[in-house]
């Protein structure tokens with residue numbers, strides 16, 4: 001390993017100044033928040049730290065979490081020496097993520113957070129679970145619990161808001177649980193490596209030469225860090241009762257740590273500490289605490305090199321070997337030497353005496369941490385506060401826990417989020433039939449990025465207050481089914497409705513609205529009637545003209561006269577088969593393909609046999625790199641970018657279990673896109689029906705949706721680009737309406753379902769709600785589906801004429 005690589009990977013000297021630790025109002029006088037999980041009493045005192053008279057008070061976790069159930073370990077594991085703290089625990093059989101919340105913290109301060117997990121066969125399954133633990137939205141550790149031995153995990157991090165959340169995540173390997181949870185505020189100068197983008201996860205903390213101290217913790221360590229005794233038969237132990245070393249301000253190391261040390265029996269033997277890491281990409285921070293505890297004659301010398309995986313490191317402060325020679329009256333300051341080691345999975349720290357040293361190397365203690373990058377961006381703090389107030393006020397029972405939008409795989413049900421300046425914002429909120437009662441609280445107005453708000457099917461009452469005017473991005477509001485609420489919009493939303501930028505759905509029976517309707521002048525009614533009649537007449541003339549228009553005037557290739565059209569036949573999804581024109585570019589014979597959609601097997605049941613590639617769930621994990629890159633979330637589910645084996649970029653749309661679109665819509669989209677091929681329709685490359693996984697694999701459209709492009713604060717679309725997008729979208733619709741036999745009606749055309757390629761070529765997407773019909777049939781549904789506000793002209797004429 002080169003010296004430059006060693007500079008990056010092995011050893012850095014840290015020196016720091018002391019800054020006193022502040023205590024905010026939610027912490028106890030010692031700077032702690034201690035939680036005994038599953039405790040039914042308000043609090044319990046822990047005296048297991050020693051006989052000094054000082055103790056820690058642990059509170060019940062009821063005020064920190066609203067999910068989970070209280071449990072107790074089995075009686076057979078209730079041993080006399082076991083602290084009462086570990087007799088109870090909280091288990092989380094429901095929900096994929098359950099979170100504790102520490103509130104009223106100081107933003108920018110460092111905190112040590114620690115969890116302890118003792119399984120104790122509380123569920124009588126004799127199967128200790130494995131699950132993940134997160135600090136906020138960032139992965140912290142994987143808990144591998146044990147029946148009789150507690151699992152201990154600890155993280156040191158900066159509070160980026162005035163609260164912190166500890167989340168237990170079910171990974172499918174057993175029900176998560178927790179025994180105790182602690183938070184301790186640290187001094188701002190402690191652990192100088194920690195910042196807003198980097199945390200430290202505890203791996204090991206050993207006190208050497210301390211067989212008489214099997215465990216050092218509170219009150220000897222005022223932060224209740226656990227220092228275990230490092231037992232090694234090859235090392236010689238020594239200790240002193242004298243105060244040794246200078247003040248340790250960067251790590252606030254307990255004095256007992258410096259009063260014991262271990263050393264080898266001769267200068268020929270190195271003092272080594274080894275461990276095995278999880279992966280070569282893991283970065284470690286190693287803190288070596290070294291101070292001389294013996295009175296060394298001037299004729300003796302204790303001098304040694306420190307190596308990390310056999311690479312020696314010196315610092316500008318220590319340009320050569322470390323020399324701990326002192327006289328009878330002088331004590332050198334302690335040296336804490338952090339190494340940042342990476343690139344391997346097996347590590348060895350070695351202290352080797354130099355050739356001129358007369359004494360063996362010495363080590364007092366070691367701390368070992370994984371360096372964890374903080375990469376996730378939490379939801380806008382204003383949105384988080386607002387949605388939690390709404391959740392608490394209306395007692396919303398939807399399993400909401402943790403950050404509303406992040407990570408994307410844990411996005412709360414019934415809401416959707418969009419990135420604004422790389423910060424997730426809540427843009428769609430569906431609280432339909434959620435049991436809401438009373439008036440609308442002002443907090444709804446604080447969700448200022450809301451585009452859609454569905455409050456239908458509840459028991460809300462009172463007026464729609466003016467604070468809803470703060471929702472400047474709102475385009476859809478539904479309050480139907482709330483019998484006791486006024487349907488009078490506040491002034492700002494009234495204007496948006498008049499401008500056509502707000503779709504407002506409400507009860508028609510509101511007395512104030514009925515009064516207004518009765519006062520509409522008769523003349524106005526007559527004028528409206530005439531206008532409607534004229535529009536209907538024009539529409540009928542246009543339909544007749546389109547029917548008589550020769551094929552060569554339609555700007556798409558003529559249908560293949562030899563192909564004809566397939567008869568309308570019910571298929572598995574309840575839609576209809578259709579035959580697109582055979583000489584359109586890339587079009588395949590739909591009549592032949594249809595025979596493969598639903599043909600009986602030996603048992604008489606239908607078999608799905610689409611022509612596109614079928615992916616397994618493991619295929620999707622591989623091509624999306626375990627679903628790392630989420631590019632959006634819609635009513636169907638989340639969309640991820642992936643790469644096929646040949647390097648082709650794809651978009652993978654995963655159906656969410658909470659999606660309102662089910663198997664019927666999924667199969668409709670696969671069947672429809674299998675048979676329509678046009679340069680202005682998105683191309684379906686494959687699909688997945690693996691267990692409960694349903695996914696669609698499309699060509700990747702680099703510029704995203706037209707809706708996002710129109711709202712982008714960057715370079716706006718030119719009028720030429722806008723017209724081109726409209727023209728190309730119309731070409732796609734014309735193909736569906738004219739070239740397909742019977743015609744295919746999309747029924748959900750909107751800017752969010754028009755995708756743009758890298759050169760802004762427009763393609764229509766999302767065929768899950770499309771239907772086929774011909775003019776000879778009168779039983780095709782004309783119900784408005786998808787996003788309200790759009791209905792294809794064919795269906796309008798169809799409903800008028802039949």
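A few comments on the model shown:
- Filtered by the rule that a residue be under 29 Å from the mean Cα position of the chain (by Cα) and not in a helix (DSSP H, G or I), the range 697-747 gives 697, 698, 699, 700, 701, 702, 703, 704, 705, 712, 713, 714.
Yes or no, residue by residue, for (1) at positive phi; (2) at pLDDT 80 or above; (3) touching a strand residue (DSSP E or B) at 6+ places or on another chain (Cβ under 8 Å):
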residue	(1), (2), (3)
649	no, yes, yes
653	no, yes, yes
665	no, no, no
668	no, no, no
677	no, no, no
680	no, yes, yes
706	no, yes, yes
739	no, no, no
746	no, no, yes
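- Yes/no for residue 81 being crowded, with 17+ Cβ neighbours inside 10 Å and over 21 Å from the mean Cα position of the chain (by Cα): no
- Here residue 94 passes the criteria (1) in contact (Cβ under 8 Å) with a residue 60 or more places away in the chain; (2) surrounded by 15 or more Cβ atoms within 10 Å (Cβ to Cβ) except the one numbered (2).
- Residue in the range 508-528 that is farther than 14 Å from residue 455 by Cα, modelled with pLDDT of 70 or more and assigned to a loop (DSSP other than H, G, I, E, B) present: no
- Residue in the range 469-481 that is over 28 Å from the mean Cα position of the chain (by Cα), farther than 21 Å from residue 414 by Cα and in the same structural domain as residue 392 (by TED's automatic domain parsing) present: yes
- Each residue in the range 130-158 was checked for being touching a strand residue (DSSP E or B) at 6+ places or on another chain (Cβ under 7 Å), over 23 Å from residue 400 (Cα atoms) and surrounded by fewer than 21 Cβ atoms within 10 Å (Cβ to Cβ), and 6 pass.
- From 440, 450, residue being buried (at least 19 other Cβ atoms within 10 Å of the Cβ), at pLDDT 95 or above and assigned to a loop (DSSP other than H, G, I, E, B): 450
- Tally, over the range 159-181, of residues that are in contact with a strand residue (DSSP E or B) (Cβ under 7 Å, 6 or more places away or on another chain), surrounded by fewer than 20 Cβ atoms within 10 Å (Cβ to Cβ) and part of a strand (DSSP E or B): 3
The values are calculated or read from the model by the stated rules, or taken from the named source; none is laboratory data. What you see is a predicted model; the values in this text were computed from it and never measured. Cβ coordinates were reconstructed from backbone atoms using ideal geometry, including for glycine residues, and neighbour counts include every protein chain displayed.
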